[in-house]
Every structure is written in structure tokens, then in C-alpha cells.
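K.L.:
Would you mind keeping the following structure in view while I ask a few things?
The values are calculated or read from the model by the stated rules, or taken from the named source; none is laboratory data. Note that this is a predicted model, so its numbers are computed, not measured. Here the Cβ is made from the backbone with ideal geometry for all residues, glycine too, and neighbour counts use every protein chain on show. Surface areas here come from the heavy atoms of the whole protein model, side chains and all, with no ligands, DNA or RNA. Shrake-Rupley method; radii C 1.70, N 1.55, O 1.52, S 1.80 Å.
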Amino acid sequence: LGLVTNVGGTISDGGFSESAHLGAQRAVESFNLDYAFAQTKDENDYAIQLDKQIAEGRNIIITVGFPMEEITYEYAADHPDVYFIGVDQSYSAHEDIPANLIGLQFAEDEAAFVVGALAGLMTQSDTVAVIGGIEIPPVVRLANGFKNGAQYVNPAANVLITYTGDFGAPE
């Protein structure tokens, strides 16, 4: 079993990468698997890390994050004997999805709706905000879910949404 994070993702990021790593560790314990992970620092590392995982004999590889969607699709097509699991990835735009590829998506808008509703109930100024990382579809869905939740419980809520353009810069 192998795992490759996308740029900015780490196995201790509190997000998709960490959750995927923890899940992989459970699979390792449950099924007595050999496991290696790679944390990429640059988009050019994706192919390098995937090639390394395949060269080491990993036949199930988890790739984490929307930015790895296309390269995961390409590698699945090129390596039919290796199973690929793309976390936060969808292949619905492709006509021919390889049998060894699955994308996992989450209803991030539903969880964010609940958080937005809580913010809408707690605000004393009728202004709440959500800060997203990179403006990609799952993050936009999350922000919209937050906004919908806040305005559902507080129609007067002014919801500010901004994106930092980066998942790895907390400041």
C-alpha cells in the first residue's frame, strides 16, 4: 500500500492527507500490509513519487487531493495492474474510467452547512466569514455550504468568503 500527498498536504495537516494516512495505517494493521507514504513539495514530485511507489511493488496507491486528479487518472490508465484511489477526486469528466481507479468525494458542503448555521446563530454583528485555501470545487462547495447554513438560520447574515490561494500558509 502506498500513499502520495499533494503539494501542501502532510500526514499531520489535520485534513485529507492526515485522514488518508490514518486510514492507510488502519488498513496496514488490519490486513498486514507493507506501507510507504510520500509527502510532495512540488507538483513535479507527483510523477517521481508515483514511479517510486510502483517500482517498490506497491499495487494499491492512494493519491490525496484534487490537484493530483489528472496524474492519478494517467497513471491508472498506464498501470492497469495497480489500483489507484484518488481522495477528493472525481473522474466523471472522463469518458473511459480505468477499472483500477476510484475517486472518493465527500459532502463537505453538508458539514460546512452545520458550521455555518452555528456561526449564524452565534454572531452578534450579523457578519460571519469563511476562509478557504485554493479556490477549487471542493473548497468552493465548502464555502457555499457555510454561507447557506449561516443564512438559513439568520437571513440577515452577511457572509464573507475569501480564499488565500494556498493550503500551506496558515498566516
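K.L.:
At what distance in angstrom do the alpha carbon centres of the range 24-47 and the range 106-171 lie from each other?
P.N.:
31
K.L.:
For the range 83-154, calculate the relative contact order in percent as a whole number, restricting contacts to Cα pairs under 8 Å that are 6 or more residues apart. List each step's numbers first, then the result.
P.N.:
Values: 98 pairs, mean separation 25.7, N = 72.
Dividing the mean separation by the residue count of the range 83-154 yields 36 percent.
K.L.:
Please give me the summed charge of the neighbours of Asp13: other residues whose Cβ is under 14 Å from its Cβ, Lys and Arg +1, Asp and Glu -1.
P.N.:
Taking every Cβ under 14 Å from that of Asp13, the sum is -2.
K.L.:
Normalised by the residues of the chain, what does the relative contact order come to in percent, with Cα pairs under 8 Å and at least six apart?
P.N.:
Relative contact order, the chain: 18 percent.
K.L.:
Could you work out what % of the accessible surface of the range 107-171 is carbon and sulfur, using a 1.4 angstrom probe and leaving DNA, RNA and ligands out of the count?
P.N.:
Here carbon and sulfur together make up 58 percent of the probe-accessible area.
K.L.:
Something else: Rolling a 1.4 Å sphere over the protein heavy atoms, what is the accessible area per residue of the chain, to the nearest Å²?
P.N.:
57
K.L.:
Ok, one more. Going by average Cβ density within 10 Å per residue, which order do the peptides 78-86, 66-74 take, highest to lowest?
P.N.:
With the highest mean Cβ count within 10 Å placed first, the list reads 66-74, 78-86.
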